[in-house]
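All remarks here apply to the structure that follows.
The values are calculated or read from the model by the stated rules, or taken from the named source; none is laboratory data. Note that the structure is predicted; figures quoted are calculated from it, not measured. Positions of Cβ are generated from backbone atoms using ideal geometry, with glycine treated the same way; all protein chains shown enter the neighbour counts. Accessible surface areas use protein heavy atoms only, side chains included; no ligands, DNA or RNA. Shrake-Rupley method; radii C 1.70, N 1.55, O 1.52, S 1.80 Å.
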Amino acid sequence: MIMFELDQRIAEQLSTISLNSSVQVRCGNSNAFMVTASTMLPLMQMFEMGGVYITASRGAVEIIQAFESIGVDVSNIQFIDLVSSGILGGTDVEYSNIHFVDSPIMLESVLLRTLYILRTTSSARNFVFIDSVNALAIYNEDRMLAEYLHTFINTFRQREVLSIILNVPDQTPPLVLSNLDLYCTDLVDRGQVVIH
Amino acid sequence: MKKKITFDKEDEEFFGQVGSFGVPKFDGEMNGGIPRGFTMVAFTETGSGAELFAKQYVSPAEESENTLYISTNEGQPEIVRVFKKYGWPLDINVRTIGEEYNSNVLERELLASRYRLEGFRLEDIQRLAQTRFVDENNQDYLTEVTNEIMALGPYFRAAIDSLDFFLQRDDPNRVVAMIRMLQAHTQMYRGLLLISVSVNGLSPSIRQELASIADMVLTFGVRTVGSDFETSMIVSKFRNAPENLKMLVFRVTPEEGITPETVERIA
Amino acid sequence: MRGGIPYGSTVLASGTCGSGKTTLAMEFLVRGALAGEACAHFTATEPSVKLLENIRQYAFFDMNMVDTGLINVFDMDVLYSWLGLDKSTFDLDDVHALIKSITDIVNTIGVTRLVIDSVTTLCYKIKSEQLIRDFLFTLGKKLATLGCTTILISEITSATENAHWSSFGVEEAIADGIVVMGDVERMGHLLRFLQVVKMRGTSHSRAKHAIELTPLGVMLTPMLKWGSQTDSANWGA
């Protein structure tokens with residue numbers, strides 16, 4: 001098992017928020033997984049939440065295996081993978097908790113699939129995690145992405161599902177970033193990382 | 001590759017080179033009967049006695065299980081009545097296509113008019129909701145009949161009375177193609193096949209085609225002579241024996257059915 | 001739609017191939033059956049056996065609904081055959097026979113939800129536009145009188161702004177409601193959409209909604225305004 005040091009301050013910050021919150025989590029290029037794990041772990045382990053992890057940055061298998069390498073079981077989390085359908089044979093996986101959407105372009109399908117999973121899940125308290133705005137911005141026009149995140153956040157806030165939006169701020173389109181600043185109720189800022 | 005058929009020596013002796021017309025006097029007039037392997041096409045007129053002739057032709061039934069009578073106009077009881085009347089064998093195979101068609105199609109049409117006039121009852125609706133496929137009503141009788149004849153063994157005897165049924169419901173060219181197949185089968189199996197077809201409404205080209213396929217062409221006619229009817233059979237084609245072409249006048253007697261008149265009438 | 005389809009309405013569900021019309025209609029029936037309503041589906045586009053197989057995927061569907069007669073699926077081919085209508089063209093008498101048989105069924109088993117899938121294939125057999133109009137109008141009126149809410153499925157080749165919502169142009173004028181289903185192409189991907197163009201007696205959204213066909217039924221969400229055009233010419237405009 002890889003030794004991994006989690007950012008405990010994120011857990012502390014998360015303990016102050018409610019289910020209808022929407023959290024913007026900013027990370028840098030080098031600490032993305034550490035920030036992701038530091039956010040996910042307290043939700044799964046401390047608050048015993050279920051949830052949906054939407055990945056547009058890497059295939060879901062890779063993310064699951066990254067969690068497994070630090071000794072974290074994510075079999076209770078459902079993954080929506082927007083990457084692997086674009087790779088030949090990418091959807092041929094053994095994990096039953098991965099759902100595929102054809103492309104990161106199909107934003108509405110992602111929303112509907114998330115809602116569907118949440119309706120079928122047994123967990124009472126849930127989160128949705130978007131990894132990441134930057135990856136979605138590769139495929140989607142700024143205004144459409146801003147509109148989508150607006151709808152997304154409000155949809156889950158209304159349903160008392162915690163939404164967590166991961167982004168690398170200096171690579172996020174300004175229009176999208178300023179809107180996130182506006183809609184999100186909380187900010188976990190680990191975007192200004194200086195590597196010595 | 002041509003199929004090779006072997007015939008038993010015993011069968012060859014038993015069946016001989018020719019088979020009876022079912023009318024001994026016709027046999028006598030035509031060198032003993034119909035050469036084995038012949039397909040006969042009989043062009044008929046209404047009232048010429050051709051239906052009775054078709055039955056009488058199957059009556060010799062050398063092997064009853066290898067004898068098939070296909071009727072498109074009459075029902076089983078009617079055919080049995082005629083066979084009983086003349087003392088002809090009742091154990092041959094009989095297929096009554098007209099009767100089958102009536103029970104399948106006409107009954108269905110009758111039911112459709114009932115539904116249209118009176119509407120659906122609850123039990124009809126329940127049955128409709130449970131019926132997932134349309135009944136196969138457009139049965140392909142032509143293929144069935146062809147297959148049935150093709151399934152008969154060597155030295156078979158078969159009659160189709162009449163081809164009108166198929167010509168009216170099918171593409172005539174397809175009917176002709178089937179007859180061509182049957183002729184080849186009959187020849188190969190040394191069978192005897194009689195096909196009757198009404199001349200009324202038959203197109204000259206189909207008539208020509210049928211006549212050219214047939215090994216023997218018979219024409220059944222009727223005309224009035226004075227106050228009487230005269231029925232006749234004209235043999236207008238007899239493959240490889242043109243000397244047999246002739247006109248035979250006949251009448252129907254309660255004892256023998258079709259009986260050629262030996263005394264020439266003076267009109 | 002803020003409440004649903006008003007009782008007794010005739011709604012035209014128009015859509016392109018594979019847009020989810022049949023699935024939507026089947027859900028309409030299954031939801032009705034769940035509420036104890038008698039439902040009927042007349043299918044001409046796919047065999048009833050296949051249709052019943054497809055609705056098994058619904059988590060809320062129970063085969064008992066069919067066995068107990070709450071959901072009745074009729075093959076149009078069988079109905080045509082029973083009525084002697086297995087021919088290519090229907091005349092006035094045939095059309096009336098068809099209306100009579102459908103209303104008979106609705107009346108006899110007390111159907112309150114009905115689907116005709118599709119009205120396009122049916123109308124292909126009715127050659128005159130006037131006769132199609134008469135057929136749909138008379139059928140719609142009779143079904144409304146019987147308190148039956150009807151979905152007429154219509155197959156269209158294109159669901160763009162300028163297209164008709166029906167194949168014959170007649171169906172849309174007669175229907176109380178029109179629901180259009182189709183695909184929006186976004187950068188080479190097809191997104192299914194549903195749009196309620198009209199629904200008499202309701203105040204409804206007329207926006208395009210993206211849909212997803214799931215075992216829990218058709219799920220929908222408003223389509224992104226910046227992504228609801230079929231072409232991407234507006235991007236960055």
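Below is a table of values for the structure above.
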{"read-out": "Those residues of the stretch B:208-240 which are part of a strand (DSSP E or B) and of a type in the set (A, V, I, L, M), in sequence order", "value": "B:M216, B:V217, B:L218, B:V222, B:V225, B:M233, B:I234, B:V235"}
{"read-out": "One residue from B:I195, B:I206 being of a type in the set (V, I, T) and buried (at least 18 other Cβ atoms within 10 Å of the Cβ)", "value": "B:I195"}
{"read-out": "Checklist (1) of a type in the set (K, R); (2) in contact (Cβ under 8 Å) with a residue 40 or more places away in the chain; (3) within 14 Å of chain C (Cβ to nearest Cβ) applied to B:R108, failing item", "value": "(2)"}
{"read-out": "Flag for C:L51 being within 12 Å of chain B (Cβ to nearest Cβ), closer than 24 Å to C:T157 by Cβ and part of a helix (DSSP H, G or I)", "value": "yes"}
{"read-out": "For A:S57: the one exception among (1) out of contact with any Phe, Trp or Tyr (no Cβ under 9 Å at 6 or more places or on another chain); (2) in a helix (DSSP H, G or I); (3) open to solvent by 10 Å² or more (accessible area, probe 1.4 Å)", "value": "(2)"}
{"read-out": "Scan of the stretch A:61-111 for residues that are open to solvent by 60 Å² or more (accessible area, probe 1.4 Å) and not charged (D, E, K, R), ordered by number", "value": "A:Q65, A:S75, A:N76, A:G86, A:I87, A:L88, A:T91, A:Y95, A:S96"}
{"read-out": "Residue check for B:A241: modelled with pLDDT of 85 or more and among the small types (G, A, S)", "value": "yes"}
{"read-out": "Selected residue (criterion: nearest to the chain's Cα centre (by Cα)) from residues of the stretch C:64-78 that are over 17 Å from B:R116 (Cα atoms), buried (at least 17 other Cβ atoms within 10 Å of the Cβ) and β-branched (V, I, T)", "value": "C:V73"}
{"read-out": "Tabulated pairs, the stretch A:132-156, first free of Cβ contacts under 8 Å to residues at least 24 places away in the same chain and under 28 Å from A:S18 (Cα atoms), second assigned to a helix (DSSP H, G or I) and open to solvent by 10 Å² or more (accessible area, probe 1.4 Å), C-beta under 7 angstrom, 6+ apart or interchain", "value": "A:E147/C:K225; A:E147/C:W226"}
{"read-out": "Every residue from the stretch B:91-133 that is of a type in the set (A, V, I, L, M) and farther than 26 Å from B:F166 by Cβ", "value": "B:L117, B:L122, B:I125, B:L128, B:A129"}
{"read-out": "Selection from the stretch C:79-125 of residues that are within 20 Å of B:F133 (Cα to Cα), part of a loop (DSSP other than H, G, I, E, B) and either open to solvent by less than 10 Å² (accessible area, probe 1.4 Å) or within 12 Å of chain B (Cβ to nearest Cβ) (or both)", "value": "C:L83, C:G84, C:L85, C:D86, C:K87, C:S118"}
{"read-out": "Residue within the stretch B:133-152 that is among the hydrophobic types (A, V, I, L, M, F, W, C) and within 10 Å of another protein chain (Cβ to nearest Cβ) present", "value": "yes"}
{"read-out": "Any hit, the stretch B:174-194, residues being over 27 Å from B:K4 (Cα atoms) and without any contact (Cβ under 8 Å) to a residue 40 or more places away in the chain", "value": "no"}
{"read-out": "Exclusive hit being in contact (Cβ under 8 Å) with a residue 60 or more places away in the chain, in contact with a strand residue (DSSP E or B) (Cβ under 9 Å, 6 or more places away or on another chain), under 23 Å from A:N31 (Cα atoms) and open to solvent by less than 50 Å² (accessible area, probe 1.4 Å), set A:L187, A:L162", "value": "A:L162"}
{"read-out": "Members of the stretch C:182-208 found to be within 13 Å of chain A (Cβ to nearest Cβ), buried (at least 18 other Cβ atoms within 10 Å of the Cβ) and out of contact with any Phe, Trp or Tyr (no Cβ under 6 Å at 6 or more places or on another chain), listed by number", "value": "C:D183, C:R186, C:L191, C:R192, C:F193, C:L194"}
{"read-out": "Candidate set from the stretch B:51-73 (those that are in a helix (DSSP H, G or I) and among the small types (G, A, S)); member that is nearest to B:V197 (Cα to Cα)", "value": "B:A54"}
{"read-out": "B:P254 vs. criteria out of contact with any Lys or Arg (no Cβ under 6 Å at 6 or more places or on another chain) and either surrounded by 15 or more Cβ atoms within 10 Å (Cβ to Cβ) or of a type in the set (S, T, N, Q) (or both)", "value": "no"}
{"read-out": "Sole residue being farther than 18 Å from C:K87 by Cβ, in contact with a helix residue (DSSP H, G or I) (Cβ under 8 Å, 6 or more places away or on another chain) and of a type in the set (A, V, I, L, M, F, W, C), chosen from B:L122, B:L111", "value": "B:L122"}
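Here's the yes/no breakdown for (1) in contact with a helix residue (DSSP H, G or I) (Cβ under 8 Å, 6 or more places away or on another chain); (2) at pLDDT below 90; (3) open to solvent by 60 Å² or more (accessible area, probe 1.4 Å):
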residue	(1), (2), (3)
B:I70	yes, no, no
B:V80	no, no, no
B:K85	no, no, yes
B:N104	no, yes, no
B:E107	no, yes, yes
B:A129	no, no, no
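Here's the yes/no breakdown for (1) part of a helix (DSSP H, G or I); (2) in contact (Cβ under 8 Å) with a residue 12 or more places away in the chain; (3) open to solvent by 30 Å² or more (accessible area, probe 1.4 Å); (4) out of contact with any Lys or Arg (no Cβ under 7 Å at 6 or more places or on another chain):
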| site | (1), (2), (3), (4) |
| --- | --- |
| B:F26 | yes, yes, no, yes |
| B:G32 | no, yes, yes, yes |
| B:G47 | no, yes, yes, yes |
| B:G98 | yes, yes, no, yes |
| B:A112 | yes, no, no, yes |
